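The values are calculated or read from the model by the stated rules, or taken from the named source; none is laboratory data. As the structure is a computational prediction, the values presented were derived from the model and not from experiment. Here Cβ is always computed from backbone atoms with ideal geometry, including for glycine, and neighbour counts include all displayed protein chains.
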Amino acid sequence: MSATFNLQIVTPEREIYNAPVESLRLPGMEGSFGVLRGHAPIVAALEPGIVHMVDGEIRRQTIVIGGGFFQIADNKAILLADSAEYSHEIDPQAALADEQQARSELEEKLGPEFQAQRQAAAQSLKLAQIRQRASSLAPK
């Protein structure tokens, strides 16, 4: 049997994954980091990005998250994500349209009085770009 640990990925809407994995690569706020069985206990903030994982059956999977938090202790990991979707579920045309919409919203909010809205629009743009990139990673 391979060296696995349990991973649960939860969003406010649903549990997207709950099974053993061999490895993870996560988009941490300070940069990408990897997790294997026996990892030291941590809690980490995550930015929008792609979670790369090798599941217990040695299949590579990619999941796009909209940011969140990750915790691992005693070979049990949980990822609480603002949003999450498998890359193969992403429609490339919809992802492109989302990116264009986010760019448009960002350009509309250039004045200093729009700082909060500009940050939210920038976050939407980043997630849209990640979704578009991830849609090309999905097996065809």
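Within the range 74-86, identify whether any single residue is surrounded by 13 or more Cβ atoms within 10 Å (Cβ to Cβ), modelled with pLDDT under 95 and either out of contact with any strand residue (DSSP E or B) (no Cβ under 9 Å at 6 or more places or on another chain) or over 23 Å from ALA122 (Cβ atoms) (or both), and answer yes or no. Scanning the range 74-86 turns up at least one residue that is surrounded by 13 or more Cβ atoms within 10 Å (Cβ to Cβ), modelled with pLDDT under 95 and either out of contact with any strand residue (DSSP E or B) (no Cβ under 9 Å at 6 or more places or on another chain) or over 23 Å from ALA122 (Cβ atoms) (or both).
All of GLY67, GLY56, GLY34 fail the test of being closer than 24 Å to ALA120 by Cβ and either touching a residue at least 12 places away in the same chain (Cβ under 8 Å) or not assigned by TED's automatic domain parsing to the domain that holds LEU127 (or both), apart from GLY67.
Counting only residues that are within 19 Å of the chain's Cα centre (by Cα), modelled with pLDDT of 80 or more and surrounded by fewer than 14 Cβ atoms within 10 Å (Cβ to Cβ), the range 93-139 holds 1 of them.
Here's a check for you: in the range 1-29, which residue that is more than 15 Å from GLY68 (Cβ to Cβ) and outside any strand (DSSP E or B) is modelled with the lowest pLDDT? Top of the filtered list is MET1.
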